[in-house]
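Right, one structure below, let's go through it.
What follows is calculated from the coordinates using simple rules that are stated; it is not laboratory data. These numbers come from a predicted model, not from an experiment. Here the Cβ is made from the backbone with ideal geometry for all residues, glycine too, and neighbour counts use every protein chain on show.
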Amino acid sequence: MTKQKFTDGIQIFKDDHVSLKHKNFIFARNGSGKSTFASLLKEQCSPNLDVRVFAGFDTVLGENEKLNAFSLSINAGENELAIKQKETEIQAKQNELKRVTSEIDDSDIHNLKAKKAAAEAAVQKNNTAIDKFYSDSAAYIKKRTQPQISKTTYNKSDFKKEISHAAALQEIDVTQLKKTLETEELFVNTVEWKHVNYSAYLKSTNEILKSKVEEKNRIKRLQNNQQRINFAEEGMQIHKHQSGEICAFCGNAISEETFQELESYFSADEVAVLRNRIVEGKKKVSQLSSLIISMKWTQAAFYPEYQETAGNIWDDLVAHKKIILSFCDALEDALESKEKNLFSELDELDIEVPEDFDFSSYNSLVKNNKEYGASLATKKREAQEKLRYNMIYKLLGQFKYDVKYVQMNDVRKTFKNVKEEFDKKVGQQADLEADIQNLNDQIDALKPKAEVQAIKNINKRLQGVVPWQLTYTENEETGYYQVSQTIGKKSTLRGVKELSTGEKNVIALLYFLEKLGETTIQTSTSPKLIIFDDPMNSNDSDMQYLIITEMQKLYQGEQRERFDHQKDFIVIMTHNIHFYLNVPPHGAFEDKKGKTKYDKSDFYHLRQGSFVQITDAKRDMQTNYDALWIELGDLAKHGYTNSMLNSMRRIIETYIEFTGIKQDEFYRNNEQYLKLFNVNSHSAIDEFSAQSFTESADELVSIFHRIFADNHAEAHFTAHWKNDNAVKH
């Protein structure tokens, strides 16, 4: 207990612990720690005991200002406050819901629903146009057959996927790719060329040119003239070698002897050898020329990708072919000339020897061409794709797809933003509706349940004590009540706003007592600890009598389901002296075992943080008048001078009334007495109480002592102002 402190850090209780019996009565002034002690008891005893606490009507009577009614239940006050708070929350959320709902959908064309519909329509319109473009473009590409640039099942999905591949082509590239698509598989062979030694050809020819035949059988008429010799040799070739053949030149008959002479001349061994050499040379040169001439090709034999390169290579080869053929022609011409000049030397040919053919570039291109042919299917597919991507590029440009795409993104972004805002508001709307429903559910859970039997029992106890009864606001199913009061023949209803504090308190206390008989499965076997923290706060005598009577019935165990004095515990704490004096058993007599109420129950006075145990009647208060002196002593110890004056005035008022002495005689016209203690001058008292005065607690006690001494009642003062009431300095 010593660990309990006020908010300013001052220790509340000075005792380490307090022992309690089954019945306990504690007197304590307001602010001395009753509520804190009740909380401590509940905290420390709850694990083992069924703790029930009554701390005023606020704990079980809940005021509903909206209905002008009250509810009755454990924690009703807290519940009604919670209900009121939740109703305020509901109102705020309903206002917010109304605002959000108006933003979503109201008569304004600029509400979110209208904005969303407009944005959605714009998206749909744009999507329709774009989608039509996709479909039309895919159909156009699929129908292209010269050449076919797509599969036969090409559709808008394919088109959409390939938009990112769109690429423009030059016309020359388009032509080339079309040729690739139209190309069949082609075959071109490499040129297998055996190296030719053109210098040897020239050398052999020159050797022949420099050779000549020496005449062994000279014919004088030929005169060693080459033209005559050639003429005679040609005549041998055109005339028949028979007697009487007429010469085509002179018209004379050619004799047999002439033929024999000429045959002998031209068939000499040396002539035959040289002639054969010339013939053989001409043959070889002719064969070389024929081989070169026979080298032919077609540009179409190459795939389009290589035709241009092949043409360039072949143009170079043709140019070189002409050079070599020209070289061969020069050799042939020289040999033919030599053929006519067998008997004389001719000048050597002084011409440039050509280089042989180089077919490496050509053959390399042929190799590439063959490899291309091997991958022709792939090349055709690539060509088809490139042509299709080129067509997609053109179609996108015609449609102004970039502009339309930006527009499409803009309207979609607008729709996305509006939809997000709309969905957010709809979400807020749903959340608010859910919150409101949840709050309503919480309110339903907090709302009191009808206490039909309890109300009947309370009304039974109130009957004959007060002129009113409890009634339901609507019917017996409701958990809210009002007071029905009958005056004469007229019955009126009073709501919670019209009830006094005392009326609220007695209703709450009677309800609390009714509920003590109820237990749960968890608490059915646990002993109860019933705590009353100032159960009476009204000065109404009828209310006090009713409450005191009900409290006595409780601790006497008349209804054991509420309080069983053999196993349950009860703690009654009060600041009300009258209540403290009248609730416990009266008298201090001893029973057969010699025990008094102070032995059977615990009595405490909570003073300055200490639980002072009262063990006999002498130490306890006997009357309200005694209690006033005790209270005065406590106030003096704390130095509460204003409160001391109030207690002193009440003591004087009681003393004067009991002794019958006149006030004027009692005060003896003492200005200080009149100023401090005159109980008949309330305005003066109030004015004085509101003012500061210089008298200390000791000085007030001395003045109070003196007024009794002046009235020959010092013994009376001494009897009531006990030693333990001495003021602490």
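Here are some notes:
- Principal-axis tilt of helix 624-638 within the chain, Cα atoms, nearest 10 degrees: 50 degrees
- Exposure proxy for 283, 338: other Cβ atoms within 10 Å of each Cβ, ordered fewest to most, give 283, 338.
- Farthest positive-ward along the chain dipole, Cα basis, beta-carbon charges - from 285, 507, 708: 507
- Placing a pseudo-label 7 Å from each Cα along the Cα-to-Cβ vector at residue 710 and residue 330 gives an inter-label distance of 17.1 nm.
- Gap separating the Cα centres of region 421-459 and region 275-329, nearest whole Å: 109 Å
- Cα-based radius of gyration of region 398-531 once divided by 2.2 N^0.38 Å, which approximates compact folds: 2.14
- Here region 449-463 is scanned for amide nitrogen atoms under 17 Å from the site 7 Å beyond the Cα of residue 475 along Cα-to-Cβ, giving 449-453.
- By the count of neighbouring beta-carbon atoms within 10 Å, fewest first, 533, 333, 347 end up ordered 347, 333, 533.
- Distance from region 484-507 to region 335-375 (C-alpha centre basis), Å: 140 Å
- When the helices of the chain are scored as -39500 (n - 2.57) per DSSP H run of n ≥ 4 and the total is divided over every residue, the value at 222 nm lands at -18500 deg cm²/dmol.
- In region 626-665, trypsin sites (Lys or Arg not before Pro) in a DSSP loop with at most 13 other beta-carbon atoms within 10 Å: 662
- Calculated FRET value between residue 658 and residue 519, using beta carbons and R₀ = 51 Å, to 0.05: 0.55
- The chain, dipole about Cα centre (Lys/Arg Cβ +1, Asp/Glu Cβ -1), debye to the nearest 20: 1820 debye
- One decimal place: the segment residue 549-residue 320 gains 68.0 nm when fully extended, by the rule 0.36 nm per residue minus the C-alpha distance.
- 18 Å Cα-Cα reach of residue 379 towards lysines, excluding residues that sit fewer than 8 places from it in its own chain: 151, 178, 179, 367, 370
- Alpha-carbon Debye profile of region 118-189, log10 I(q)/I(0) at 0.14, 0.23 Å⁻¹: -0.62, -1.10
- Using the alpha-carbon positions of the chain, Rg (one decimal) and Dmax (whole number) come out as 69.8, 219 Å.
- Relative exposure of 476, 339, judged by other C-beta atoms within 10 Å (fewest first): 476, 339
- Applying 1/(1 + (r/R0)^6) with R0 = 22 Å to the Cβ-Cβ distance of residue 95 and residue 117 gives a FRET efficiency near 0.25.
- Between 0 and 90 degrees, the angle of helix 641-659 with respect to the longest Cα principal axis of the chain falls at about 30 degrees.
- On the basis of the beta-carbon distance and an R0 of 41 Å, residue 200 and residue 252 show a calculated FRET efficiency of 0.30.
- Cα long-axis angle, helix 34-45 against the chain (0 to 90 degrees, to the nearest 10): 60 degrees
- With all projection directions averaged, the alpha carbon convex hull of region 21-145 covers 19.5 nm².
- Taking only alpha carbon atoms, region 325-460 gives an Rg to Rh ratio of 1.83, where Rh is the Kirkwood radius.
- For the pair residue 344 and residue 497 in one chain, pulling the backbone fully straight at 0.36 nm per residue adds 38.8 nm over the alpha carbon distance.
- Long pairs among 132/156; 93/113; 456/515; 160/386, criterion Cα-Cα beyond 18 Å: 93/113
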